[in-house]
Ligand code: NAP
């Protein structure tokens with residue numbers, strides 16, 4: 001399967017590396033980035049053609065499928081171009097920056113008649129999250145009542161501004177909870193907390209968000225993108241007879257001076273390294289079978305609708321009013 005990659009920044013570069021050396025049955029044959037120097041450097045990893053425009057990647061007859069790893073505000077238009085060309089696409093999150101734009105991708109896919117779009121919610125491929133999902137599916141903790149989520153980064157680049165901790169970070173918690181619980185989120189409330197002096201004034205950081213599901217489960221999600229000490233993602237589901245918590249992989253423990261120090265990953269690349277490989281492999285396998293099985297355009301739309309409500313919240317409870325779910329997406333809680 002020949003893959004074209006649009007956007008060769010942090011995650012695009014790693015996706016090119018993974019598709020080149022870790023994913024069976026796929027290779028990168030075309031790339032594009034507005035930063036041509038970066039595109040040439042990253043394209044060389046795979047021996048790929050460097051195109052002049054993003055749409056040239058989509059239209060390249062030698063490209064069977066596309067990965068979109070450019071900034072979020074470019075995603076919806078590029079995903080629409082892929083659907084129009086009938087090409088499968090793995091679009092990094094968020095699917096779009098507004099729910100309206102995300103819904104257009106859903107509608108285009110419905111008109112096309114089969115799924116082509118997978119959204120890069122790679123936590124669904126993480127071993128720890130899958131164990132939580134299995135425990136819930138097996139009824140081991142009874143009925144879920146509450147979920148506690150934590151999403152902390154050491155720091156973020158200067159391009160991470162405004163409400164991106166909601167639109168770009170919280171969106172992972174939103175998708176993970178929708179997937180774990182098998183329910184839509186129907187309301188979001190952002191609770192005011194003090195601003196960290198270590199965060200840029202361009203951001204509100206940390207954020208504390210309450211999400212409510214359609215059957216009344218409440219999720220509290222902390223997003224803190226300047227936590228400094230490490231990359232720390234937690235999730236604990238509290239049920240009627242027990243709880244299940246995400247097992248964060250450790251990079252080793254040091255016992256010294258009467259204490260034990262458990263090392264943390266320092267960034268998302270390290271923490272979810274295997275999940276990204278497994279996500280790409282599952283995507284490539286599905287595309288080669290002529291199917292699409294991972295997080296769908298509907299999942300991308302629903303998650304964006306929730307983060308949009310969170311952005312609008314400013315302390316008040318905002319309802320999330322989703323469009324009617326098309327039958328194309330019925331019964332899907334994959335992978
Ligand atoms: P990044 O390092 O800034 O890379 C984005 C690249 O795309 C940059 O080289 C940028 O060039 C380029 N670009 C800008 N406009 C473009 C366009 N119209 N067409 C093609 N390329 C364009 O950002 P990143 O961290 O890799 O993030 C990229 C996307 O992946 C974001 O949507 C982000 O949310 C998502 N992401 C997902 C995960 C995950 O866990 N699933 C993790 C990280 C990122 P300039 O720098 O010159 O603008």
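Here, each number is a calculation from the coordinates, and none is a lab measurement. Here the structure is a predicted model, which means the values were calculated and not measured. FYI the Cβ positions are ideal-geometry reconstructions off the backbone, even for glycines, and counts take in every protein chain you see.
Using only Cα atoms, tell me the angle between helix 75-84 and the longest principal axis of the chain; keep it within 0 to 90° and round to the nearest 10.
Result, in degrees: 50.
Restricting to DSSP H runs of at least four residues, report the calculated mean residue ellipticity at 222 nm for the chain, -39500 (n - 2.57) per run over all residues, nearest 500 deg cm²/dmol.
Calculated at 222 nm, the ellipticity per residue is -10500 deg cm²/dmol.
Just the C-alpha atoms of segment 59-218: what Rg/Rh do they give, with Rh taken as the Kirkwood radius?
Values: Rg = 17.7 Å, Rh = 17.7 Å.
Rounded to two decimals, Rg over Rh is 1.00.
Where a ≥ b ≥ c are the square roots of the eigenvalues of the C-alpha gyration tensor, would you call segment 143-182 rounded, which needs a/c under 1.5, or, failing that, prolate if a/b is larger than b/c, or oblate?
Numbers: a/c = 3.65, a/b = 2.41, b/c = 1.51.
Because a/c hits 1.5 or more and a/b exceeds b/c, segment 143-182 counts as prolate.
Using the basic label-point model (7 angstrom from Cα toward the beta carbon), what is the residue 214 to residue 324 distance in nanometres?
The two pseudo-label positions are separated by 1.4 nm.
Separation of segment 274-335 and segment 12-66 by C-alpha centroid, Å?
Taking the Cα centre of segment 12-66 as reference, the centre of segment 274-335 is 24 Å away.
Out of all Cα-Cα pairs in the chain, roughly what percent, to the nearest whole number, are more than 33 Å apart? Walk me through the intermediate numbers first.
Working: 13958 of 55945 pairs.
Of all Cα-Cα pairs in the chain, 25 percent lie more than 33 Å apart.
For segment 157-294, what Kirkwood radius comes out of the mean inverse Cα-Cα distance, in Å?
The Cα-based Kirkwood calculation yields 17.6 Å.
What's the angle, to the nearest 10 degrees (0 to 90), between helix 127-137's Cα axis and the longest principal axis of the chain?
60
Relative to the longest principal axis of the chain, what angle (0 to 90°, nearest 10) does the C-alpha long axis of helix 99-112 take?
50
Order 319-329, 300-310 from most to least packed using the mean count of other Cβ atoms within 10 Å.
Details: 319-329: 13.0, 300-310: 27.1.
Highest-to-lowest ranking by the protection proxy: 300-310, 319-329.
Report Rg/Rh for segment 7-137, rounded to two decimals, where Rg is the Cα radius of gyration and Rh the Kirkwood radius.
Details: Rg = 15.4 Å, Rh = 15.5 Å.
That ratio is 0.99, to two decimals.
Whole-Å semi-axes of segment 92-173's equivalent ellipsoid, largest first, each the root of 5 times a Cα gyration tensor eigenvalue? Don't skip to the answer; put the middle values down first.
Numbers: eigenvalues 139, 102, 27 Å².
Rounded to whole Å, the semi-axes are 26, 23, 12.
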